[in-house]
Amino acid sequence: MEVPILKQGPYLIASIQSALSDNDMVRLRDALVEQVGRFRSRGVIVDVTALDVMDSFATRTLRDLGRMIRLRGADTVIVGIQPEVAYTMVQLGLTLEDIATALDLEEGLALLERKTTAPGNETSSRGR
Amino acid sequence: MEKVQAMRRTSIESVQATSELFRELVEHLRQSRTQLREEWAQRITEAQLLTAMSKEEIFAEATSVYDNYMEALKTGTFEALQAYARNLSERIIPRGVETREVIGIVLLLRDVLARSLFAKYQADFALLNRILDAYEPAANRIAITVAVGFVQERERVIREQQEAIRVLSTPVLQVRERLLILPIIGVMDPQRARQLTEQLLRGIRTNRAKVVVIDITGVPVMDASVANHLVQTVEAARLLGAIVIITGLSPEIAQTLVMMGVDLGKMNTVGDLQGGIEEAERLLGYKVAITGEASDHSLRG
Amino acid sequence: MRRAPVDAERQQLHSTTSLGLASARNRERVLEETCIPIQSDGDIVGARQNGRGLAVQLGFSPSDLTLIATAISELARNILLYAKRGKIILKLVEQGETRGIIVTAHDKGPGIPDISRALEAGFSTSRSLGLGLPGVRRLMDEFEIVSDVGLGTIVTVKKWAK
């Protein structure tokens, strides 16, 4: 299952459409880490609204993705985590740690906008 | 083979005989309806049952119960009686009618009818016995049906009330666009903590909340598991993209959290609810009215 | 799996929250059963979707369905990571008034030498496993693990519809 990656201005948007296998998840991570440099993107959004399960592997892969993207000089926002999924993740002891999150695509874009245009005036939920 | 058929014939004959008796006793009870119903209502009042109801109401219900009773005796089916018992319970439970009263009136009716059967068949003891053999199981089953119906209805009402209390005890309030307040009052247990977290997460999604203030001024004690739940709630809200501010930590709870080594770096805390709302508004980019502006005005003016 | 007599090699750990597993086992009536072979990472997705599909019949809340699907996902991944192949058995059961789902993960892998250590939060022998078994245990109502070193591992978890 290939995840489409859209380039929108300075951002890359990956919208996951259905359940992903571990390999699909790793492929998505590698593709984003590669493309963020190729398109000189300033931010990446991964939309996980369609995921009904985020287990330890998925969470870890997204966390790694965010850190790799940061090393490539861009920001990552994970958007659309479902309430039940969030509840299960904390029950399992899984967090995205320092990776930013937002309610949906619109919020994610607004967050990236603030982060990338006004550094030092950051109101993201990162690290709180 | 013949023996079996003979036995079957006897049993069919006895069934026919029983249903014959039954028809007779139902017919008798129906004919005496006015008088027996009167007597029953009288005895209900004497026994001081259904005190929450007026004499007229008791008489009206007594009539319905009597007719449903006859119907159940006659047809041997209890669905209609069951439905009526539920309907009756629905009406009388809010008026404070007790289980013992409901059971009491049904047993009274059973006794009134039985006495009337005694009076009618006292001359023929053997016949009376057979009549009672037919009457008693049916009458007992009716009593059980009505009592169980009442208790079930009561349990349903209690369950509904418990659910309502649970929902009320953890209100998720929207005070401004994108700002939710969750005042927690009372003791937290794992079940409540779960419910609270789920309700908050749904609230964040439907209200598109960005900041949540959880006020725990009303939480008397906090042990390790409750503190853990609180941290989980904060983290789950963050996964949805919301910032959580905790307010109203008492000195005792602050001590407990530090002693337990709860990771305070993840907690965004402000002293009281008012401070929490101000902080939330700042995070949301609302301009907080500054008293300095007013004095500027007065200087210029 | 060969039922070896209890010795130092064989470890068993029972964990129950409300109902005694050993005594409860006999009273469970199986309503439906499915077996899913686990050999590739695609099977993990299949197993959890299957589990959610079964559990939804029992009227679990959306949160519980997600907890169940996630637990299946973790168990299936453990099979793949440690034993390369195995199977997940999903059962809908009825026990008196309550109904629930039982998930059993079977493998013939190397087994777990130290079960109590594997159940400590944060402990994992594989870097990619994250919290593994302790996490699964938290998600479900009942948890049981039997492991024979060199023979394999069976993990059984249950969740009851409230």
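The values are calculated or read from the model by the stated rules, or taken from the named source; none is laboratory data. Computed from a predicted structure; not experimentally measured. Glycine also receives a Cβ, built like all others from the backbone with ideal geometry; neighbour counts cover every protein chain displayed. Just so you know, the surface numbers come from the protein's heavy atoms only, side chains and all, with ligands and any DNA or RNA stripped out. Shrake-Rupley method; radii C 1.70, N 1.55, O 1.52, S 1.80 Å.
A few points about this structure:
- Label-point separation in nm, B:D111 to B:S19, each point 7 Å along Cα→Cβ: 3.4
- Near-label residues of the stretch C:144-162 by backbone N, under 16 Å of a point 7 Å along Cα→Cβ of C:T98: C:144, C:157-162
- Interface of A with B. Using a 1.4 Å probe and counting protein heavy atoms only, the two chains hide about 2200 Å² of accessible surface, both sides summed.
- Average accessible surface area per residue within the stretch A:5-108, 1.4 Å rolling probe, Å²: 34
- Distance between the 7 Å Cα→Cβ label points at B:F118 and B:V175: 7.2 nm.
- Cβ-defined net charge surrounding C:I44, 14 Å radius [Lys, Arg +1; Asp, Glu -1]: -2
- Rounded percent of accessible protein surface that carbon and sulfur make up, the stretch A:5-108, 1.4 Å probe: 47
- Here the 3J(HN,Hα) profile of the stretch A:79-88, calculated from phi with Karplus coefficients 6.51, -1.76 and 1.60 at θ = phi - 60°, is 10, x, 5, 6, x, 5, 5, 4, 4, 5 Hz, Gly and Pro shown as x.
- Residues of type lysines that C:K162 reaches as a straight line, Cα spacing below 16 Å, ignoring anything fewer than 8 places off in the same chain: none
- Rounded FRET efficiency, nearest 0.05, which uses the C-beta distance separating C:T34 from A:T49 and R0 of 22 Å: 0.20
- For C:K87, the aspartates and glutamates whose Cα comes closer than 20 Å to its Cα, not counting residues fewer than 8 places off in the same chain, are A:D22, A:D55, C:E32, C:E33, C:D41, C:D43, C:E74, C:D107, C:E142, C:E144, C:D148.
- Mean partner shielding of peptide A:99-105, defined as the number of other chain Cβ atoms within 10 Å of each residue Cβ, is 4.
- Calculated FRET value between C:Q57 and B:A126, using beta carbons and R₀ = 51 Å, to 0.05: 0.30
- Computed on the stretch B:2-164, with alpha-carbon pairs under 8 angstrom and 6+ residues apart, the relative contact order is 31 percent.
- Span from the the stretch C:42-121 Cα centroid across to the the stretch A:5-20 one, whole angstrom: 31
- Shielding by partners, peptide C:54-67 (average Cβ within 10 angstrom, other chains): 3
- When both the stretch B:80-103 and the stretch A:64-81 are represented by their alpha-carbon centers, they are found 63 Å apart.
- Under Stokes-Einstein, with the Kirkwood radius over Cα pairs as Rh, the value for chain A at 10 °C and 1.306 mPa s is 110 µm²/s.
- Degrees between helix B:251-260 axis and first principal axis of chain B (Cα, 0 to 90, nearest 10): 90
- With Cα atoms, 0 to 90° folded angle of helix B:33-46 axis to chain B main axis: 50
- Computed over protein heavy atoms with a 1.4 Å probe, the accessible surface of the stretch B:173-295 works out to 47 Å² per residue.
- The mean number of Cβ atoms from other chains found within 10 Å of a Cβ in peptide B:206-212 is 2, as a whole number.
- Carbon plus sulfur fraction of accessible area for chain B, probe 1.4 Å, in percent: 55
- Only beta bridges with both residues in the stretch B:173-295 are counted; by DSSP, about 20 percent of them are antiparallel.
- Within the stretch A:35-103, the percentage of alpha carbon pairs spaced more than 14 angstrom apart rounds to 57%.
- By the rule of a C-alpha distance below 15 Å, with chain neighbours fewer than 8 residues away ignored, the aspartates and glutamates paired with B:K120 are B:E24, B:E27, B:D111.
- Calculated FRET efficiency, B:K266 to A:R70, Cβ-Cβ distance, R0 = 25 Å: about 0.80 to the nearest 0.05.
- Structure-based [θ]222 nm, the protein assembly as shown - -39500 (n - 2.57) summed over DSSP H runs of at least 4, per residue, nearest 500: -18000 deg cm²/dmol
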